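First the structure, in the form of structure tokens, and then the observations on it.
The values are calculated or read from the model by the stated rules, or taken from the named source; none is laboratory data. Note that this is a predicted model, so its numbers are computed, not measured. Backbone-built Cβ (ideal geometry, glycine too); neighbour counts: all protein chains shown.
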Amino acid sequence: MQFAPKALAAYERVTVKPGRSKRVTLHIALRQLHYWSDKSGWTLATGRRDVLVGASARGTKLSQQVRTTAGRGAH
């Protein structure tokens with residue numbers, strides 16, 4: 001399955017003063033990792049995906065690779 005190179009999954013506007021840090025937790029709904037298949041309906045996109053964090057799509061500051069597998073909670 002081919003996906004768009006980047007897709008907005010969650011966001012929160014945060015102001016951080018220079019020299020300071022702030023912990024932010026964002027939740028990505030499992031449904032956002034599904035795609036529609038005419039054969040099987042909504043299907044979890046399994047495999048490795050990059051999660052990118054930044055001020056914009058071009059301003060990525062952090063990244064982490066995650067892996068999704070079919071299992072509990074998948075439809």
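Somewhere in the range 15-24, is a residue of a type in the set (A, V, I, L, M), assigned to a loop (DSSP other than H, G, I, E, B) and touching a His at 6+ places or on another chain (Cβ under 7 Å)? Among the residues of the range 15-24, not one is of a type in the set (A, V, I, L, M), assigned to a loop (DSSP other than H, G, I, E, B) and touching a His at 6+ places or on another chain (Cβ under 7 Å), which makes the answer no.
For the range 37-75, filtering for residues that are in contact with a helix residue (DSSP H, G or I) (Cβ under 7 Å, 6 or more places away or on another chain) and exposed (fewer than 10 other Cβ atoms within 10 Å of the Cβ) leaves 1. Do you know which of the residues in the range 24-61 that are of a type in the set (D, E, K, R) and touching a strand residue (DSSP E or B) at 6+ places or on another chain (Cβ under 6 Å) is farthest from R13 (Cα to Cα)? Only one residue tops the list, namely R48. Looking across the range 15-36 at every residue that is loosely packed, with under 10 Cβ neighbours inside 10 Å and either modelled with pLDDT under 90 or under 9 Å from the mean Cα position of the chain (by Cα) (or both), the one that is farthest from L62 (Cα to Cα) is identified as W36.
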